[in-house]
Structures are given as structure tokens and as C-alpha cells.
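Data block below; observations after.
The values are calculated or read from the model by the stated rules, or taken from the named source; none is laboratory data. The structure presented is a predicted model; accordingly, all values stated were derived computationally and were not measured. Note that we place each Cβ from the backbone using ideal geometry, even for glycine, and neighbour counts take in every protein chain shown.
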Amino acid sequence: MWFVFALLSAVFAALTSILAKIGIDGVNSNLATAIRTVVVVVMAWGMVFLTNAQNGITEIGRKSWLFLILSGLATGASWLCYYKALQVGEASKVVPIDKLSVVITLVLAFVFLHEEFTAKSLIGCILIGAGTLLMVL
């Protein structure tokens with residue numbers, strides 16, 4: 001089931017890029033990010049209440065709160081940078097560079113989460129990096 005959700009995530013991320021590039025025309029990138037964020041917040045809390053998950057908020061520990069807040073700050077910084085890049089650059093060049101996050105995530109997962117880094121992972125990272133370079137040149 002994780003694969004289906006991951007694939008849907010990729011499809012929605014692709015739609016996000018195209019829809020954002022069209023919608024950001026003539027709009028300040030920070031304002032556009034704020035509008036997008038409000039929509040995401042409403043949608044996320046709607047899902048929380050729809051699935052009756054709101055009671056779990058009192059069970060969240062301090063460590064989880066800290067890392068969820070840090071993750072939110074990283075997301076915000078990512079979105080602000082992404083929208084600015086998308087506003088001034090071509091989507092076909094911005095998106096591949098943004099997807100270098102896959103390579104960075106694999107390296108960070110190896111260093112901080114002690115996840116396995118295999119020959120397959122290394123080859124994949126090299127191919128993603130080479131593919132990104134090829135697409136943006």
C-alpha cells in the first residue's frame with residue numbers, strides 16, 4: 001500500500017509544480033506560498049477531523065513536537081525557496097533540481113537514521129545527480 005501512496009504523492013507533486021507555475025504568474029512568491037499553505041492547513045485539519053484523529057494530539061511527546069515543528073520549518077523554507085525559484089525559472093529546470101532532495105535524503109538517512117546505504121543506493125544517487133545535471137544544462 002505504501003507504493004500506491006508514494007506514487008500518488010509523485011503525481012500530486014507534479015501537478016503542484018505545473019499548477020503553481022501557472023498560478024504564480026504576477027503574484028509575489030511569498031504571498032503565493034502563504035496562500036498554498038493555508039489551503040494545505042485547511043485540508044490537513046479537515047482530514048484529522050474526518051478520520052477522528054484529533055484526540056491523539058494530547059499523546060504527542062516533547063521529542064515528537066520538537067521534530068514535527070522543525071520539519072514544519074524546513075517545509076516552509078523549502079516551499080518559499082521553491083516558489084521563488086519557480087517564479088523566476090523554468091519549471092522544467094527548477095523541478096529536477098528540487099528533486100535532488102531524493103539524493104540528499106538518502107545521504108541524511110544514512111548519516112542520522114543509520115539506514116543502509118547499498119551499492120544500489122549509491123548508483124541510484126549518481127544516476128539521479130547525472131540526470132538532474134543533464135536536464136538543467
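Which ones in segment 58-105 are out of contact with any Leu (no Cβ under 9 Å at 6 or more places or on another chain) and farther than 28 Å from LEU19 by Cα? Hits for segment 58-105 are THR58, GLU59, GLY61, ARG62, LYS63, SER64, TRP65, LEU66, PHE67.
Considering segment 15-35 alone, what residues qualify as being among the hydroxyl-bearing types (Ser, Thr, Tyr) and either touching a residue at least 24 places away in the same chain (Cβ under 8 Å) or surrounded by fewer than 12 Cβ atoms within 10 Å (Cβ to Cβ) (or both)? Before you say what the answer is, go through the steps one by one.
Within segment 15-35, the first condition is being among the hydroxyl-bearing types (Ser, Thr, Tyr), and the residues that meet it are 16-17, 29, 33.
Within segment 15-35, SER17, SER29, THR33 meet the criteria.
Filter segment 18-54 down to the residues that are within 20 Å of the chain's Cα centre (by Cα) and among the charged types (D, E, K, R), then identify the one that is farthest from LEU73 (Cα to Cα). Checking each candidate, the answer is LYS21. Every condition in (1) touching an Asp or Glu at 6+ places or on another chain (Cβ under 9 Å); (2) free of Cβ contacts under 8 Å to residues at least 12 places away in the same chain holds for GLN87 except the one numbered (2). Taken together, ASN28, ASN52 contain a single residue that is assigned by TED's automatic domain parsing to the domain that holds SER9 and on the phi > 0 side of the Ramachandran plot, which is ASN52.
Selection of segment 82-94 for residues being surrounded by 14 or more Cβ atoms within 10 Å (Cβ to Cβ) and part of a helix (DSSP H, G or I) yields TYR82, TYR83, LYS84, ALA85, LEU86, GLN87, ALA91, LYS93, VAL94.
With THR37, THR16, THR33 as the choices, which residue is closer than 25 Å to LYS99 by Cβ and touching a helix residue (DSSP H, G or I) at 6+ places or on another chain (Cβ under 6 Å)? Don't jump to the end; show me each part of the working.
On the way: THR37 fails: touching a helix residue (DSSP H, G or I) at 6+ places or on another chain (Cβ under 6 Å); THR16 fails: touching a helix residue (DSSP H, G or I) at 6+ places or on another chain (Cβ under 6 Å).
Going through THR37, THR16, THR33 in turn, the sole match is THR33.
Select from segment 50-68 the residues that are in a helix (DSSP H, G or I), of a type outside the set (Gly, Ala, Ser) and surrounded by 10 or more Cβ atoms within 10 Å (Cβ to Cβ) and list them in ascending order. Lay out the reasoning, then the answer.
Of all residues in segment 50-68, those in a helix (DSSP H, G or I) come to 50, 54-59, 62-68.
Pick out the ones that are also of a type outside the set (Gly, Ala, Ser) and you get 50, 54-55, 57-59, 62-63, 65-68.
Result: GLN54, TRP65, LEU66, PHE67, LEU68.
Just one of the listed residues (THR132, THR75, THR105) is outside the structural domain of THR16 (by TED's automatic domain parsing), within 16 Å of the chain's Cα centre (by Cα) and of a type in the set (S, T, N, Q), and it is THR105.
Contact map, segment 113-124: residues that are surrounded by 10 or more Cβ atoms within 10 Å (Cβ to Cβ) paired with residues that are not acidic (Asp, Glu), Cβ distance under 6 Å, separation 6+ or inter-chain. Pairs shown: GLU115/ALA109; PHE117/PHE110; SER121/LEU106. Kindly indicate the residue of segment 95-136 that is among the charged types (D, E, K, R) and assigned to a helix (DSSP H, G or I) and also nearest to PHE12 (Cα to Cα) among those meeting that condition. Among those residues, the one meeting the criterion is ASP98.
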